[in-house]
Each structure stands twice: as C-alpha cells, then as structure tokens.
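K.L.:
Structure incoming, see below.
What follows draws every value from the coordinates through simple rules; no lab data is involved. Here the structure is a predicted model, which is why all the values come from computation and not from measurement. Cβ coordinates were reconstructed from backbone atoms using ideal geometry, including for glycine residues, and neighbour counts include every protein chain displayed.
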Amino acid sequence: MYVATRGLYSMKPPTIFVPKCIKEDVEQLFNIHRKMDQSELKHNLIGLDVGEEVNVRRDLRVRAFRTYHGIPSQGYIVYSVKQKLKKEHVGLSANEIKTLKSSDHKHSEGTSSCFYRRHHI
C-alpha cells in the first residue's frame, strides 16, 4: 500500500485526492487497515467534486474533471503554477517591485501548465 510504504521510509504523509462523495468511505477503509496491521497510515485525504480546484503548494494546483465510465468516476489534472511579472512592470528596480508587492497592487499574473492527468474510478 502506497501510504504504508511512505511511512516505512519515514517520508512525509501523502496527499490523496478522491471524489468527495466517497471520501468518508475511503477514510473508513484506512481505519480498517489501521486495525488490521496496527499502523498509523498517516495521510491527507482531500475530497473534490468535478470542477473543484485546490492548491497543494504555492506552485501546484489540482483540479477534478468529469470522466465517462459505467460507474461514477472522475479524473484529476495537476497544474504547475508560476507567477510572472506583468509586462508593464518589466524593467522596474527590485525596490520598486518590492513596493508593488507590499501594496494591494497586482504586480504579477499566474500562468499554468498541465503535467499530470489521472482518472479515478
């Protein structure tokens, strides 16, 4: 099991995405496994509905999308997100950019690129 293996190697607990409608059921499965093998199985379980997005890190975002199978299912797209300086601010000094950042002025714009896509059944 992925979660148990990460625990054995003292790795950070994984973040696992599941359809929101089955999140409680998946958590019950983890509880049953914990009882059977007396392990912690630390993890971060996140339920998403189709179209929902969540920031995993400052530079990483996950979005659920609809898939078409005989049973309810959905997939997940993982996006890399980068903040780029707006064109009108290119050429400003570091101090000027720092001043823009500390004010409410929007100094950058986000760009994203998909680097992973997965279906869940």
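K.L.:
What aspartates and glutamates sit close enough to residue 101 to cross-link, taking a C-alpha to C-alpha distance under 20 Å and skipping anything fewer than 8 places away on the same chain?
P.N.:
Cross-link targets: 59, 88, 109.
K.L.:
For a footprinting-style exposure proxy, rank 89, 69 by other Cβ within 10 Å, fewest first.
P.N.:
69, 89
K.L.:
Rank the residues 8, 60, 48 as a footprinting-exposure proxy: fewest other Cβ atoms within 10 Å of their Cβ go first.
P.N.:
Ordered by Cβ neighbours within 10 Å, fewest first: 8, 60, 48.
K.L.:
Taking the Cβ of residue 10 as the centre, find all other residues whose Cβ is under 15 Å away and add up their charges (Lys, Arg: +1; Asp, Glu: -1).
P.N.:
+2
K.L.:
Oh, and also: Fully extended, how many nm does the chain gain between residue 86 and residue 12 (0.36 nm per residue separation, minus their Cα-Cα distance)?
P.N.:
23.1 nm
K.L.:
Quick one: 30, 17, 65, fewest Cβ neighbours within 10 Å first, how do they rank?
P.N.:
Ranked by crowding around the Cβ, least crowded first: 65, 30, 17.
K.L.:
Between residue 59 and residue 38, what is the FRET efficiency for a Förster distance of 25 Å, r being their Cβ-Cβ separation, to the nearest 0.05?
P.N.:
According to the calculation, E is roughly 0.10.
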